[in-house]
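Trainee: Handing you a structure now.
Values quoted throughout were computed directly from the atomic coordinates according to the rules given, and no laboratory measurement underlies them. Please read these numbers as outputs of a predicted model, since none were measured by experiment. All Cβ positions, even for glycine, are placed from backbone atoms using ideal geometry, and neighbour counts span all protein chains on display.
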Amino acid sequence: MDKKLTWRDYLVVSSLLFGLFFGVGNLIFPVHLGQLAGHNWLPAVLGFLVTGVLLPLGSVLAIAMTRAEGVFDIGKPLGKSFALVFMVLIHATIGPFFGTPRTATVSFSTGLAPFVPEKFQTVTLFGFSALFFLVAFLLSYKESHILKNIGKLLNPLFLLLLTLVFFVAFLNPLGAAAGAKATAAYAGNTSFVSGFLEGYNTMDALAGLAFGVTVVSAIRAMGVKRDGAVALVTAKAGVLSMSAVALVYFLLTLLGVQSLGAFKVSENGGVALSQVVTEYGGTFGQAFLAALITVTSLTTAVGLVAAFAQDFHKHFPKVSYHAWLALSCLMSFGAANFGLDTIITWSLPVLMFLYPLAMVLIVLSVTSKLFKRDSVVYFFTVLFTVVPAFFDMVASLPAVISQSAFGKAVVGFQNTYLPLASYSLSWLVPALVGLVLGLILHFTKSLRAVSLTKENE
């Protein structure tokens with residue numbers, strides 16, 4: 001018999017999901033979005049919420065509705081080989097290559113770096129990242145304790161600290177949102193699309209697929225055993241947690257807009273948030289921000305390294321969970337010391353490629369009952385998505401590649417033949433074409449099967 005969860009149990013699972021999703025990137029990107037969008041902040045944040053909230057919620061629902069336990073199961077309709085490659089790419093991106101190292105580098109850059117002389121920054125980052133990932137390793141060492149460490153400890157502490165920031169900032173705003181100037185990318189009708197693309201940086205649609213195994217394991221540890229019951233708990237907790245994420249994004253974006261009353265547009269959201277908190281609290285405010293960012297970074301880091309270890313141990317069981325966990329932490333530590341700018345420069349092109357694939361797989365998973373999870377629909381939708389997504393990736397690579405003869409040829413072809421290429425959405429129309437083609441083939445095959453059955457009768 002499944003244990004009947006109380007409303008407090010649902011809150012703990014929701015807190016776990018919130019903590020897994022809401023990392024330091026989620027804290028600083030909306031603030032920067034507000035500064036960039038100015039008075040056009042509302043359509044910009046609505047676009048941001050599509051990729052920053054609806055898609056991650058979709059990934060949680062995809063895990064729940066298909067009764068999957070991780071990203072591998074989401075790609076399985078296209079075959080085990082595709083599912084395994086997709087799983088490795090997702091975990092490498094949100095894990096030790098980009099996402100997990102970013103939790104340490106952003107928390108260092110915005111929290112600790114302002115207190116450290118420039119000549120000591122490199123060695124301090126080395127020591128900070130080593131300690132950071134050691135703590136993450138220890139907090140995720142016992143799988144059964146992850147729910148307690150994040151859902152009951154780190155995330156409530158983070159929310160308390162963030163509430164204090166909002167209370168002070170909105171009690172005495174730095175400026176009015178209505179008079180804030182928008183940058184060129186957010187002027188007119190482009191603000192929604194720009195906000196939509198900015199949401200890629202959260203990596204949460206990818207993370208939601210990867211966190212599935214961690215969430216499912218935590219729910220089962222609470223006494224819920226049946227697949228259907230686990231799916232229902234995941235879905236309910238997902239809606240609750242992502243609603244809270246949406247509210248926080250909304251308030252952070254507004255905070256960024258109001259900051260233009262005292263500051264110019266910053267180079268990134270970390271600088272903007274640091275300026276705002278320092279304006280209100282001075283040195284104490286900066287120390288407070290360092291604590292806030294470190295706590296939220298740890299929640300996400302724990303979830304990422306644990307999800308990496310759980311999924312890889314499941315598919316490569318000869319290597320233990322703890323060995324995969326140690327490898328993830330060591331690789332993340334190494335990548336973190338390349339610095340935040342390098343991580344961001346190379347992560348964006350990869351996200352431009354993986355996000356469209358993740359989006360179509362999430363949509364297909366959520367709606368899969370309508371076409372009986374037919375692999376034909378999956379095949380043509382993904383096939384028509386992967387090529388233009390690759391073009392978007394090439395176009396966003398550093399100049400050494402995007403401005404080469406090959407890069408210019410790809411961009412020229414893309415802009416000439418693919419709609420919405422100028423918005424970095426060249427995959428959207430082909431994906432819809434592939435979906436329609438796949439559905440036509442599916443229903444044609446179904447009608448033929450029905451006809452053959454009637455003839456045989």
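Trainee: Rounded to whole Å, give me the distance from the Cα center of the stretch 253-309 to that of the stretch 364-441.
Mentor: A separation of 34 Å, based on Cα centres.
Trainee: Also: Assuming R0 = 56 Å, can you tell me the calculated FRET efficiency for the pair SER81 and VAL123, based on Cβ-Cβ distance, to the nearest 0.05?
Mentor: On the way: r = 44 Å, r/R0 = 0.78.
Rounded to the nearest 0.05, the efficiency is 0.80.
Trainee: Within a 10 angstrom radius of the beta carbon, how do THR416, THR93 rank from fewest other beta carbons to most? Numbers along the way, then the final one.
Mentor: Details: THR416 8, THR93 23.
Arranged by neighbour count, lowest to highest, THR416, THR93 become THR416, THR93.
Trainee: Let me ask you something else. Under 17 Å between alpha carbons, and skipping anything fewer than 8 positions from LYS3 in its own chain: which lysines qualify?
Mentor: Leaving aside lysines fewer than 8 places away in the same chain, those within reach of LYS3 are LYS225, LYS236.
Trainee: Give me the distance in nm between label points sitting 7 Å out from Cα along the Cα-to-Cβ direction at LEU54 and ALA221, one decimal.
Mentor: The answer from the label model is 3.4 nm.
Trainee: Please report MET331, MET203, MET359, MET222 as a ranked list, fewest other C-beta atoms within 10 angstrom at the top and most at the bottom.
Mentor: MET222, MET331, MET359, MET203
Trainee: Please determine, in degrees from 0 to 90 and to the nearest 10, the orientation of helix 340-366 with respect to the longest principal axis defined by the Cα atoms of the chain, where the helix direction is its Cα long axis.
Mentor: 40
Trainee: Another question about this same structure. Taking the 0 to 90 degree range and rounding to the nearest ten, how far is the long axis of helix 155-171 tilted relative to the main principal axis of the chain, both from C-alpha atoms?
Mentor: With rounding to tens, the tilt is 60 degrees.
Trainee: Further question: So what's the projected area for the stretch 193-322, the Cα convex hull averaged over all directions, in nm²? Please report the intermediate quantities before stating the final value.
Mentor: On the way: hull surface 44.0 nm².
Mean projected area of the Cα convex hull: 11.0 nm².
Trainee: Turning to a different aspect of this structure: Spin-label point model (7 Å from Cα, Cβ direction): what's the SER320 to PHE263 distance in nm?
Mentor: Using points 7 Å along Cα→Cβ, the separation is 4.6 nm.
Trainee: To continue, here is another question. Can you sort TRP7, TRP41, TRP346 so the residue with the fewest Cβ neighbours within 10 Å comes first? Kindly include the intermediate steps, with their values, before the conclusion.
Mentor: Working: TRP7 7, TRP41 27, TRP346 15.
Least to most surrounded, the residues fall as TRP7, TRP346, TRP41.
Trainee: How many angstrom lie between the C-alpha centres of the stretch 1-57 and the stretch 156-230?
Mentor: Measuring centre to centre over Cα atoms gives 3 Å.
Trainee: How large is the dipole of the stretch 7-350 about the Cα centre if only Lys and Arg carry +1 and Asp and Glu carry -1, each at its Cβ, rounded to the nearest 20 debye? Let's see the in-between values first.
Mentor: Numbers: 17 positive and 12 negative charges, 155 e Å.
In total the dipole reaches around 740 debye.
Trainee: Highest mean first, what order results for 187-195, 438-446 on Cβ atoms within 10 Å? The partial results should precede the final answer.
Mentor: On the way: 187-195: 18.7, 438-446: 15.0.
Ranking the peptides 187-195, 438-446 by packing returns 187-195, 438-446.
Trainee: Now for a separate question. Taking a temperature of 25 °C and a viscosity of 0.890 mPa s, what whole-number D in µm²/s does Stokes-Einstein yield for the chain with Rh from Kirkwood over alpha carbon pairs?
Mentor: Numbers: Rh = 22.8 Å.
After rounding, the answer is 108 µm²/s.
Trainee: Convert each backbone phi in the stretch 188-200 into a coupling constant with the Karplus relation 6.51 cos²θ - 1.76 cosθ + 1.60 (shift: θ = phi - 60°), then list the ³J(HN,Hα) values in order as whole Hz, x for Gly and Pro.
Mentor: x, 7, 8, 5, 5, 5, 4, x, 4, 5, 4, x, 4
Trainee: Want the number for SER422 to PHE170: 0.36 nm per residue separation, take away the alpha-carbon distance, what's left? Write down the numbers at each step before the final one.
Mentor: Values: separation 252, 0.36 × 252 = 90.72 nm, distance 3.70 nm.
Taking 0.36 nm per residue and subtracting the Cα distance, the gain is 87.0 nm.
Trainee: Report, in degrees rounded to the nearest 10, the 0 to 90 angle that the Cα long axis of helix 375-396 makes with the longest principal axis of the chain.
Mentor: 30
Trainee: Okay, moving on. Taking Cα pairs under 8 Å and at least six residues apart, what relative contact order does the chain come out at, in percent?
Mentor: Across the chain, relative contact order equals 29 percent.
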